Amino acid sequence: MKVKNNHLKILLAAPRGFCAGVDRAIEIVKKSIEKYGAPVYVRHEIVHNKHVVDGLKKIGAIFVEEIDEIEDKTRPVVFSAHGVPKSVPKEAESLNMIFVDATCPLVSKVHREAENLDKKDIKVLLIGHKNHPEVIGTMGQITDGKIDLIETIDDAKNYERGENNKLAYITQTTLSVDDTKDIINVLRERFPDIHEPKKDDICYATTNRQAAVKKIAKDCDNLFVIGSRNSSNSVRLVEVAKNNGCENAELIHSESTFPLEKISKCKTIGISSGASAPEVLVNEFIENIKKKFTVEIEEVEIVKEDVTFKIPGKLN
């Protein structure tokens with residue numbers, strides 16, 4: 001097709017892409033393969049990105065959804081960055097399996113919050129999305145019935161506390177900051193004595209990537225987020241763009257076709273990527289654009305990230 005507008009400005013959101021928890025999780029799989037040899041099993045996608053998963057498969061990772069799918073129980077298993085219910089390491093222990101926990105430390109922090117609240121006999125409300133692996137993992141830290149899921153503002157409005165129930169809330173780390181805030185405001189209004197986390201549970205990377213998208217959204221004719229469809233933080237970035245001045249925002253995932261026609265109608269586009277999307281995918285997207293357009297790139301950085309997380313000592 002003929003390109004209507006040959007000059008294109010790209011506003012490149014920063015920070016974008018890999019966060020410290022994702023970096024750590026990928027490194028844990030690589031180090032496990034170095035230490036134990038291949039294959040190493042990984043329970044659930046280590047992070048939600050096909051490019052990353054395919055790359056790890058090539059060096060000896062085998063991905064399964066449950067431990068009982070692992071044929072050779074003498075091989076190590078790595079738990080994904082999203083975290084797992086307590087029953088999972090218990091199952092691995094009962095089978096005498098070597099396991100390495102790649103749960104993001106910020107997710108582990110939420111797990112500990114849930115445990116500590118439960119010990120104090122406080123009913124926990126988890127703000128999150130049903131069936132997301134992180135939510136399944138967090139709800140699996142304490143006994144069934146002692147934690148309830150709040151997905152929407154309506155859930156918060158309609159929640160009924162039991163008699164004598166002290167309440168507290170915690171949140172999934174990858175939610176939209178704004179959506180979470182609205183749900184929390186309803187809970188505070190309805191239950192003024194609700195216990196709150198000492199520090200916001202939404203992870204620094206989620207907050208920073210959403211803030212960067214907010215910064216550029218209103219100046220973009222279209223905004224593209226590189227990431228996977230099952231990546232909560234990537235999907236939230238699209239929502240944030242739409243809610244902050246760029247209605248034409250969409251996710252570019254592994255099965256997306258290059259959106260040449262849409263881009264050709266734009267003077268300025270925005271690009272960001274989810275916390276599990278490698279920078280190589282952003283670069284490939286931009287290189288495809290350069291084949292058709294004269295490109296001016298402006299990186300809009302709102303904060304420099306210097307967070308790092310240590311890998312488990314057993315892999316050193």
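Data overview
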read-out	value
Wholly enclosed helices (runs of 4 or more DSSP H) of region 133-216 bearing at least 1 residues touching a residue at least 24 places away in the same chain (Cβ under 8 Å) and small (Gly, Ala, Ser)	133-139, 153-158
Which listed residue, of 87, 32, 80, is in contact with a Ser or Thr (Cβ under 9 Å, 6 or more places away or on another chain) and at pLDDT 95 or above	80
Subset of region 130-187 that is touching a Ser or Thr at 6+ places or on another chain (Cβ under 8 Å) and of a type in the set (S, T, N, Q) - its residue that is surrounded by the fewest Cβ atoms within 10 Å (Cβ to Cβ)	180
Failed criterion for residue 225 (all others in (1) surrounded by 17 or more Cβ atoms within 10 Å (Cβ to Cβ); (2) in a helix (DSSP H, G or I); (3) of a type outside the set (Phe, Trp, Tyr); (4) over 11 Å from the mean Cα position of the chain (by Cα) hold)	(2)
Exclusive hit being of a type in the set (D, E, K, R) and either buried (at least 17 other Cβ atoms within 10 Å of the Cβ) or within 15 Å of residue 12 (Cα to Cα) (or both), set 261, 255, 279	279
Enumeration of residues in region 230-247 that are of a type outside the set (S, T, N, Q), within 9 Å of residue 213 (Cβ to Cβ) and in a loop (DSSP other than H, G, I, E, B)	246
Filter result (closer than 21 Å to residue 177 by Cβ and buried (at least 22 other Cβ atoms within 10 Å of the Cβ)) within region 88-105	104
Residue 46, sole failed condition from (1) at pLDDT 95 or above; (2) not in a strand (DSSP E or B)	(1)
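Residues are listed down the side, and each one gets a yes or a no for (1) surrounded by fewer than 20 Cβ atoms within 10 Å (Cβ to Cβ); (2) out of contact with any strand residue (DSSP E or B) (no Cβ under 6 Å at 6 or more places or on another chain); (3) outside any loop (DSSP other than H, G, I, E, B):
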residue	(1), (2), (3)
17	no, no, no
23	yes, yes, yes
34	yes, yes, yes
56	no, yes, yes
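The values are calculated or read from the model by the stated rules, or taken from the named source; none is laboratory data. Owing to the predicted nature of the structure, the values given are computational and were not obtained by experimental measurement. With ideal geometry, Cβ positions are generated from the backbone for all residues, glycine too; neighbour counts draw on all protein chains shown.
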